Amino acid sequence: MPRSKSQDRMTLISVHVPKKMLEELDELVRRGIFPNRSEAIRAALRDLLYKEVFKTKAAREEEKEEEPPLPLLKGR
């Protein structure tokens, strides 16, 4: 399904990264793993969001599904 115009809009952000990290990023682009720096950074951000956001949502859902603990019964 084609994307709508609102889905294609992107916002420009600036990020400071260590020189070594930028060199490694450029190496991924040079090797053709990503077409450019922006795509590589978007992929990394997607992975982070998927890992952290969806993991958190799944944990909350799992908590809802857990049965409440049985009450302790006092012996006679």
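Read-outs: derived from the displayed coordinates by stated rules, not from any lab. Note that this is a predicted model, so its numbers are computed, not measured. Using ideal geometry, Cβ is built from the backbone for each residue, glycine included, and neighbour counts are taken over all protein chains shown.
Below, the figures for the structure above:
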item: Among 53-63, 26-36, 12-22, the order from most to least packed when residues are scored by Cβ within 10 Å on average; result: 26-36, 53-63, 12-22
item: Summed side-chain charge close to Val29 - residues other than Val29 whose Cβ falls under 14 Å, Lys, Arg +1, Asp, Glu -1; result: -1
item: Karplus-derived HN-Hα couplings along segment 21-34 (A = 6.51, B = -1.76, C = 1.60, θ = phi - 60°), whole Hz, x at Gly and Pro; result: 5, 5, 4, 5, 4, 4, 5, 4, 5, 4, 6, x, 5, 10
item: Largest-first ellipsoid semi-axes for segment 12-64, taking √(5λ) over the Cα gyration tensor eigenvalues, angstrom; result: 30, 12, 9
item: Placed amide H near Phe34: partners under 5 Å, 5+ positions off or other chain; result: Val29
